[in-house]
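Everything below concerns the one structure shown next.
The values are calculated or read from the model by the stated rules, or taken from the named source; none is laboratory data. For clarity, every value in this text was computed on a predicted model and none was experimentally measured. For neighbour counting, all protein chains shown are included, and Cβ atoms are generated from backbone atoms with ideal geometry for every residue, glycine included. Note: accessible area is taken over every heavy atom of the protein model, side chains too, but ligands, DNA and RNA are not part of it. Shrake-Rupley method; radii C 1.70, N 1.55, O 1.52, S 1.80 Å.
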Amino acid sequence: MPARATKRKKLSAVTSMPSIGDHHTAFTTWSRNRGVEICNVAPAKLPGKGLGLVTTKKISKDERLLFVPEKAMFKPDLALLKKAKLSHASPQAQLAYSAMMACQNGNEGLRVWRATWPTDEDFEHSLPMRWPKKLREHLPPSIDQPLRRQEEDYAKDLAAVRASHDSSRYFDEDEFRYCWSIVNSRSFHWKPARKGSAGCMVMCPFIDYLNHGSSGTSCNIVQRPHGYEVLAERDYENGEEVLATYGAHTNDKLLVHYGFVLPSNPNTPNIDDDIRLDHILLPALTETVSSQLQDTGFLGGYALLPASNELCFKTQVAVRAMLLTCNEWEYFVSSGEDLARDETAAVLRFMRPLLVKYRDDARQKLEILGGNDVASGGLENEVGILRTRWKQIVDGLDVFLAE
Ligand SMILES: C[S@@+](CC[C@H](N)C(=O)[O-])C[C@H]1O[C@@H](n2cnc3c(N)ncnc32)[C@H](O)[C@@H]1O
């Protein structure tokens, strides 16, 4: 479906810079002193998003909004990492450990910067890896795998850092997890212009205020030889939020990694989102078909694409493997078209009962999540996120099944 023009709302509820806290003013001064250029944008509180960056005057397309020189970035501390024998730890572990130790050692810049970050309690209520079991049971099945991978990554990083930490100093696991979560949600890849210099994960002051928007809604973040430049991708009114795209991420991925989902908007569908169908389609495939799909790279990764209201190509391929001869199936795989007659209706007939069952299960989840049992005990934010995601699943399936 072609992208439609977006009608943008001026954010009347935005709280301007001075009232959001002195620590943001102090951080702005510190950033400017480190050479960060901040041009007609300022941090502001935005409902449901924490802080974000908004324009403080009308801005024209291609105007510079920010410039963050390399010297203002927070980088892994190579000397510290070498001493701690962490040179081979993951880039995320290296940056998180460097940040943790810099804070412990009283790094003044990081102290000022850290005061602007979300708290550990914010992470506790947004990141599924921190949620209690009784809530995680209500996550959509498509979250299982990315969540497990994230937990494995964290366990690996924690083990590496714990093993190498100077045993004479106290190792604060909660503090490491906090720094790891900060790095997870606020870092960039920086490739120095100097020949032969390796790239690394870094944190960039001020750019890290930018919230995520889906593909096509992002400002332009460009790496220059001496730093990152942020340019307006369109004209802005005064008081509009400037967004960055963290990647063409589905809501499942955003939830696991960043602890939020983008709302669905029927007028501007999120072209990055999908509704994963592996847990309903994989069990419906025969063993022979599964191994045929495995051999050809088509096993798993099935989805309904709500923005275009269609089943993805992999799903089309998998279902056709159940319905067609090998010859017909190979023709579809290589050309994207059916050899003789159009098999679209047959694919839909195969999928319909599976989708109806998933839609009914999703409705039931919404009902459970509407009850008092789950939402009690200060879990309102988590339950709100879960309800939003399940509602998107129900709506996406409803629209598809109504065709
Ligand atoms: C790089 S930070 C952006 C600044 C952050 N909002 C803050 O208060 O410091 C990334 C985090 O912001 C939040 N965030 C980013 N984009 C969002 C969005 N579109 N809706 C809700 N929360 C968002 C998530 O908590 C995410 O982990």
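Tabulated values for the structure
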{"read-out": "Given (1) open to solvent by 10 Å² or more (accessible area, probe 1.4 Å); (2) at pLDDT 95 or above; (3) near the ligand (Cβ under 10 Å from one of its atoms), index of the condition Glu121 fails", "value": "(3)"}
{"read-out": "Search result, residues across the stretch 144-186 that are touching a strand residue (DSSP E or B) at 6+ places or on another chain (Cβ under 9 Å) and hydrophobic (A, V, I, L, M, F, W, C)", "value": "Ile182, Val183"}
{"read-out": "Meets criteria (surrounded by 14 or more Cβ atoms within 10 Å (Cβ to Cβ), within 21 Å of Asp342 (Cα to Cα), out of contact with any His (no Cβ under 6 Å at 6 or more places or on another chain) and in contact (Cβ under 8 Å) with a residue 12 or more places away in the chain) for Ala284", "value": "no"}
{"read-out": "Count - residues of the stretch 309-321 that are open to solvent by 60 Å² or more (accessible area, probe 1.4 Å) and either closer than 12 Å to Leu293 by Cβ or touching a Gly at 6+ places or on another chain (Cβ under 9 Å) (or both)", "value": "2"}
{"read-out": "So Tyr228, is it closer than 30 Å to His125 by Cα, open to solvent by 10 Å² or more (accessible area, probe 1.4 Å), aromatic (Phe, Trp, Tyr) and out of contact with any Leu (no Cβ under 7 Å at 6 or more places or on another chain)", "value": "no"}
{"read-out": "Residue selected from the stretch 248-271 under the condition at pLDDT below 95 and more than 10 Å from the ligand (Cβ to nearest atom), by the criterion least open to solvent (accessible area, probe 1.4 Å)", "value": "Asn270"}
{"read-out": "Candidates Ser142, Ser181, Ser98, Ser185, filtered to the one that is part of a helix (DSSP H, G or I), under 20 Å from the mean Cα position of the chain (by Cα) and away from the ligand (no atom under 16 Å from the Cβ)", "value": "Ser142"}
{"read-out": "For Tyr209: the one exception among (1) modelled with pLDDT under 95; (2) open to solvent by less than 30 Å² (accessible area, probe 1.4 Å); (3) not aliphatic (A, V, I, L, M)", "value": "(1)"}
{"read-out": "Helices (runs of 4 or more DSSP H) enclosed by the stretch 224-315 - at least 2 residues per element that are farther than 22 Å from Ala362 by Cα", "value": "251-258, 287-295"}
{"read-out": "Check on Asn327, surrounded by fewer than 17 Cβ atoms within 10 Å (Cβ to Cβ), away from the ligand (no atom under 16 Å from the Cβ) and touching a residue at least 60 places away in the same chain (Cβ under 8 Å)", "value": "no"}
{"read-out": "Residue identified as of a type outside the set (D, E, K, R), part of a helix (DSSP H, G or I) and in contact (Cβ under 8 Å) with a residue 40 or more places away in the chain among Leu354, Leu366", "value": "Leu354"}
{"read-out": "Pair list, Cβ under 8 Å, 6 or more apart: the stretch 190-213 residue of a type in the set (Ser, Thr, Tyr), other residue within 10 Å of the ligand (Cβ to nearest atom)", "value": "Tyr209/Pro43; Tyr209/Leu51; Tyr209/Gly52; Tyr209/Leu53; Tyr209/Thr116"}
{"read-out": "The stretch 35-69: number of residues that are part of a loop (DSSP other than H, G, I, E, B), among the hydroxyl-bearing types (Ser, Thr, Tyr) and in contact with a strand residue (DSSP E or B) (Cβ under 6 Å, 6 or more places away or on another chain)", "value": "1"}
{"read-out": "Test: residue in the stretch 236-245 that is within 11 Å of the ligand (Cβ to nearest atom) and open to solvent by less than 30 Å² (accessible area, probe 1.4 Å)", "value": "yes"}
{"read-out": "Some residue of the stretch 198-207 being within 26 Å of Lys314 (Cβ to Cβ), within 16 Å of the ligand (Cβ to nearest atom), under 17 Å from the mean Cα position of the chain (by Cα) and not in a strand (DSSP E or B)", "value": "no"}
{"read-out": "Filter result for His165 (on the phi < 0 side of the Ramachandran plot and buried (at least 17 other Cβ atoms within 10 Å of the Cβ))", "value": "yes"}
